[in-house]
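So the structure is just underneath, and the comments pick up after that.
The values are calculated or read from the model by the stated rules, or taken from the named source; none is laboratory data. Just so you know, these numbers come straight off a predicted model, no measurement behind them. As a convention, Cβ positions derive from the backbone with ideal geometry for all residues, glycine included, and neighbour counts pool all protein chains shown.
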Amino acid sequence: MKDQGKQAQAYKSSGRARRFAALVRKESYQVVRDPSSILIAFVLPLVLLFLFGYGVSLDTTRTRVALVVEETSPLTRDLAASFEASRYFSVVAGRDRREFEDELVLGHVRGIVVIPAGFAADHAAARHPSVQVIVDGSDPNTANFVQNYAQGTVANWERQRMSEGRSMPPAISTEQRFWFNPQLTSRNFLVPGSIAIVMTLVGTLLTSLVVAREWERGTMEAMMATPVSAAELLAGKLLPYFVLGLTSMTLCVLLAVFVFDVPFRGSVAALYALSATFLMPALGQGLLISAATKNQFLASQLALISAFLPAFLLSGFLFEINSMPTVIQWITYAVPASYLIPSLQTVFLAGNIWPMFARAIAVMFLIGCMFFALAARSTRKRIG
């Protein structure tokens, strides 16, 4: 009797394994046959990555500014030459700031740098001469860039004169060092962040569309009529998209390193551990949306609103979370991408910092378990 029980249990386990393998094989065939899956998994990530890599840049280079030198002297000409040689500015020279006021209002120049009359005399008398920077405050980011770069140009000019012994050194000098991204290239943190956005789209949008399509066609109900359990059904449908998401991520990482020249200082193990864990909430959210809506159009809209927009706006990808209102900061704790993006940026630029990665992996795993529990509960209700 014991041998018969063991044989029955082994046959039951073997049958469950065969059913699960058949589900995975069937879903894999559907992925290969479906052009929209290939489009979302491979073509859309390439478009987004090239858009963020080349089309989106937070670096202000060759900004058009007006340079007004009100008094001509060797000192002011030397300072003006520093602005003209700067890679951050494209300089239009003039003698009166009123020449460029309309240009500033119309946006033809992004700022007016004024070297005032008396600059040389104040500098010779050590009276701390000033340089005026006029910017358009309606665009705060560009205004801050122009102001900061103008101050940096003046500071570099002053340091150069000190090194040549033509100026008295200040009481305190500041030397800046930038870790991990010495050139301050925005692409180096935008491209790793965009990989998280791509994985959000591949995981949530693709899963919600494909499963909702089966609800619309009635094939989901047919599968529920089989002996397959809800857990086997969910796992069998999600495993191919899990592999598809990791494949899409791998493609994006190869492009980031070999096309966009983003440094990769971490380990492949950390990269895949973070990415695989992130796909849990992404896939679970897509599955929950499809089970709740059973409609492709509605599922796609909910996926974009509940997954893509929070990942894009509330994850720290473009906007610093600490600068957001307190209520919004609390909301970001529920956005899985807010844990993946800084972790990916760290893997690329800084290396392996496992205490940070462990916290991110734990939180993303918990969020994923919540989504899967809700999706399984919703699916069981549909079966009943």
Item to complete: Look at residue 282 and say whether it is within 26 Å of residue 209 (Cβ to Cβ), at pLDDT below 90 and surrounded by 17 or more Cβ atoms within 10 Å (Cβ to Cβ).
Response: no
Response to the item:
Exactly one of 153, 185 is more than 17 Å from the chain's Cα centre (by Cα) and either surrounded by 10 or more Cβ atoms within 10 Å (Cβ to Cβ) or modelled with pLDDT of 85 or more (or both), and that one is 153
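For every residue, the table says whether it meets (1) surrounded by fewer than 18 Cβ atoms within 10 Å (Cβ to Cβ); (2) under 25 Å from residue 186 (Cβ atoms); (3) in contact with a strand residue (DSSP E or B) (Cβ under 8 Å, 6 or more places away or on another chain); (4) of a type in the set (Phe, Trp, Tyr).
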| position | (1), (2), (3), (4) |
| --- | --- |
| 77 | yes, no, yes, no |
| 93 | yes, no, yes, no |
| 99 | yes, no, yes, no |
| 103 | yes, no, yes, no |
| 115 | no, no, yes, no |
| 122 | yes, no, no, no |
| 127 | yes, no, no, no |
| 138 | yes, yes, no, no |
| 141 | yes, yes, no, no |
Response to the item:
Exception for residue 262 within (1) part of a helix (DSSP H, G or I); (2) touching a Phe, Trp or Tyr at 6+ places or on another chain (Cβ under 7 Å); (3) surrounded by 18 or more Cβ atoms within 10 Å (Cβ to Cβ) falls at (1)
Discussion item. When the residues of region 321-355 are narrowed to those that are in a helix (DSSP H, G or I) and of a type in the set (Phe, Trp, Tyr), which ends up surrounded by the most Cβ atoms within 10 Å (Cβ to Cβ)?
Written reply: 339
Worksheet item: Which residue, of 238, 304, 318, is among the hydrophobic types (A, V, I, L, M, F, W, C), touching a helix residue (DSSP H, G or I) at 6+ places or on another chain (Cβ under 8 Å) and crowded, with 22+ Cβ neighbours inside 10 Å?
Response: 238
Discussion item. Given (1) touching a residue at least 24 places away in the same chain (Cβ under 8 Å); (2) under 39 Å from the mean Cα position of the chain (by Cα); (3) assigned to a helix (DSSP H, G or I), identify the lone condition not met by residue 102.
Written reply: (1)
Worksheet item: For residues in region 49-66 being assigned to a helix (DSSP H, G or I) and at pLDDT below 85, which is nearest to residue 317 (Cα to Cα)?
Response: 52
